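Presented below is the structure to which this report refers.
Bear in mind that the values in this text are calculations on the coordinates, not laboratory data. Since the model is a prediction, treat every value here as computed from it, not as a measurement. No Cβ is skipped: glycine too gets one built from the backbone with ideal geometry, and neighbour counts run over all protein chains shown.
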Amino acid sequence: MIFFEPHKRDRQLFPHDVFKGLVIPRPIGWVSTMSRAGELNLAPYSYFNGMSSWPQIVAFASESPKDSCSFAIETGEFTWSMATWDLREQMNLTSAGLPRGESEFAHAGLATAPSRMVKPPRVAASPAALECKVTQVLELKDIEGKATGGVVVFGQVVGIHLEERIVKDGKVDAVAMKPIARCGYHDYAVVERVFSLARPESGGSAFGGPESKQKRAGR
Ligand SMILES: Cc1cc2nc3c(=O)[nH]c(=O)nc-3n(C[C@H](O)[C@H](O)[C@H](O)COP(=O)(O)O)c2cc1C
């Protein structure tokens, strides 16, 4: 086994940091936001994930204060659109560092679709989207307590959009959506095959604790 402390990486052996190639595959938070002045923004964030299934909370992390997190903090709203195999090129184009106020939707040739509960629109061509309201903002610190400059924005899901074609037998079909995920370097993964594993008997529901929590809450 190779072992090293992150700051002592052998740069001959590993010219590129390995961390981003290890915590994989990372779902892509394709986040749209709108400033108070109405400027529209869309960008991919792979430091993104679901954080809680009830209430439904997602979070994305910005390595420095970028427009998506500034706008989300300013207005308390954002949307997430699923990045898919069909939209991979457009997703990548939306990571361009455009001047503030220039919309990445237009830059990538993407149409907007209106949201219902929040102002920022979602990506019309994406098969699934979440409307979110900001619940918490966390400034990241390192082990010495020093601010890293990174910011994590948490948001509660207040609306869900699904294209009919991805809904099968009361479930969303991962293979029909073909989500893409970030691996290391310039690599990505695409979901083309899934497998199932039943959870060991725990007395709870087959979908785990949060599902039971929802049921108890009458939802
Ligand atoms: C697939 C992908 C994932 C990315 N993930 C992140 C991320 O997690 N955090 C981050 O700060 N930047 C990330 N970036 C870079 C941002 O998308 C890029 O800096 C973008 O210009 C930020 O836009 P904004 O300033 O409009 O928010 C990623 C880029 C790509 C292509």
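Could you order the peptides 168-178, 54-64 from most to least packed, using the average number of other C-beta atoms within 10 Å per residue? Intermediate values should be presented prior to the final figure.
Details: 168-178: 12.4, 54-64: 17.6.
Going by the mean number of other Cβ atoms within 10 Å, highest first, we get 54-64, 168-178.
Just to be sure I understand: with springs between alpha-carbon atoms less than 10 Å apart, which residue in 123, 157, 191 has the highest mean-square fluctuation in the Gaussian network model of the chain? Largest GNM mean-square fluctuation: 191. Dipole of the chain computed with +1 at Lys/Arg Cβ and -1 at Asp/Glu Cβ about the Cα centre; of 70, 147, 51, farthest Cα towards the positive end is 51. Helical content alone sets the calculated 222 nm signal of the chain at -3500 deg cm²/dmol, taking -39,500 (n - 2.57) per DSSP H segment of four or more residues and averaging over every residue.
Using θ = phi - 60° in the Karplus curve 6.51 cos²θ - 1.76 cosθ + 1.60, the 3J(HN,Hα) couplings for the stretch 124-137 round to 4, 7, 7, x, 8, 8, 10, 9, 10, 10, 5, 10, 8, 10 Hz; x is entered for Gly and Pro. Taking 104, 192, 144 in turn, the Gaussian network model of the chain (Cα-Cα springs below 10 Å) assigns the largest fluctuation to 144.
Report the relative contact order of the chain, percent, no decimals, based on alpha-carbon pairs under 8 angstrom and at least 6 residues apart.
It rounds to 22 percent for the chain.
Here the mean projected area of the convex hull built on the C-alpha positions of the stretch 94-187 is 9.2 nm². Between 125, 198, 108, the residue with the greatest mean-square fluctuation in the GNM of the chain (Cα pairs under 10 Å linked by springs) is 198.
State whether the stretch 32-101 is rounded, prolate or oblate according to the following rule on the C-alpha gyration tensor (a ≥ b ≥ c being the square roots of its eigenvalues): a/c under 1.5 gives rounded; otherwise a/b larger than b/c gives prolate, and the remaining case gives oblate. Here the stretch 32-101 falls in the oblate category. Diffusion of the stretch 23-216 by Stokes-Einstein, at 4 °C in a medium of 1.567 mPa s and with Rh set to the Kirkwood radius over alpha-carbon pairs, works out to 73 µm²/s.
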